[in-house]
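**Q** Right, I'll just put the structure down here and ask away after.
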Amino acid sequence: MDQELIGNNDLRDEALQHLDSLWQTAHWFTDNERDAETLVINTYLEASKVWDNSIFMKACKTQMFRVLMKILFGKIKLNFRLQLPDNIENMFESFPSDKFFEFKAISGDIVTKAIRRLPIEIRLIMVLSIFEKFSYQEIAEIIGSHRKTVRNNIYHGYMLLRQEIVNSLVVGESKLTIA
């Protein structure tokens with residue numbers, strides 16, 4: 001009993017500092033804040049069931065995110081080896097270079113919408129990299145893949161993100177502040 005209590009205290013002390021990060025990531029994959037909160041609570045409860053000081057104390061954040069991914073995508077088979085068009089670099093020609101302006105800022109809404117339109121596998125890797133600052137190796141451990149796969153997906157993610165933003169600007173989805 002005392003050992004279990006010590007383990008729960010360790011979990012609480014280590015995991016609580018990562019709840020905001022877990023919630024932010026969960027929110028990228030849910031439609032509302034309540035669903036993100038429920039996911040984080042379930043992540044904490046699931047982690048408490050499998051808590052092992054030897055594993056969690058070394059890399060608690062990585063392990064907590066691993067549990068979150070298991071809950072979030074448990075019924076979905078993610079494919080991190082997506083087939084992307086061979087000519088992805090040429091897809092940017094839809095934005096004429098003579099119409100390119102210097103922008104003071106691109107609306108955060110445009111970026112958020114662009115990220116949400118990415119394929120779920122790419123979005124996951126981009127969120128973990130950009131917002132949670134995980135290394136390629138940590139992301140590979142979280143998603144159960146290889147570092148090289150993560151690196152390639154991040155590259156393709158930036159290309160797709162750029163294309164989504166360019167498409168938003170061409171279509172005129174938002175108002176930009178022009179220098």
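Any read-out appearing in this document is the output of simple, stated calculations on the displayed coordinates, not a laboratory observation. Quick caveat: nothing in here was measured; it's all calculated off a predicted structure. Neighbour counts run over all protein chains shown; Cβ positions are idealised from the backbone, glycine included.
**Q** Under the 0.36 nm per residue contour assumption, what length would be gained going from the current alpha-carbon distance of residue 20 and residue 162 to full extension?
**A** 48.4 nm
**Q** Moving on to the next point. Order these by the 10 Å Cβ neighbour count, fewest first: 49, 113, 133.
**A** Taking fewest neighbouring Cβ atoms as first place, the list is 49, 133, 113.
**Q** Any of 70/133; 61/113; 49/148; 113/148 with alpha carbons more than 23 Å apart? Name them for me. Don't skip to the answer; put the middle values down first.
**A** On the way: 70/133 20 Å; 61/113 27 Å; 49/148 32 Å; 113/148 27 Å.
From the list (70/133; 61/113; 49/148; 113/148), the Cα-Cα distance tops 23 Å for 61/113; 49/148; 113/148.
**Q** Counting only the backbone N, which residues of the stretch 151-169 are under 19 Å from the spot 7 Å out from the Cα of residue 137 toward its beta-carbon?
**A** Answer for the stretch 151-169: 151-154.
**Q** Order by neighbour count: 149, 112, 38, fewest other Cβ atoms within 10 Å first, most last.
**A** On the way: 149 18, 112 11, 38 14.
By the 10 Å Cβ count, ascending, the order reads 112, 38, 149.
**Q** For residue 130 paired with residue 148, estimate the spin-label separation in nm (one decimal), with each label point 7 Å from Cα along the Cα-to-Cβ line.
**A** In this crude spin-label approximation the distance works out to 2.7 nm.
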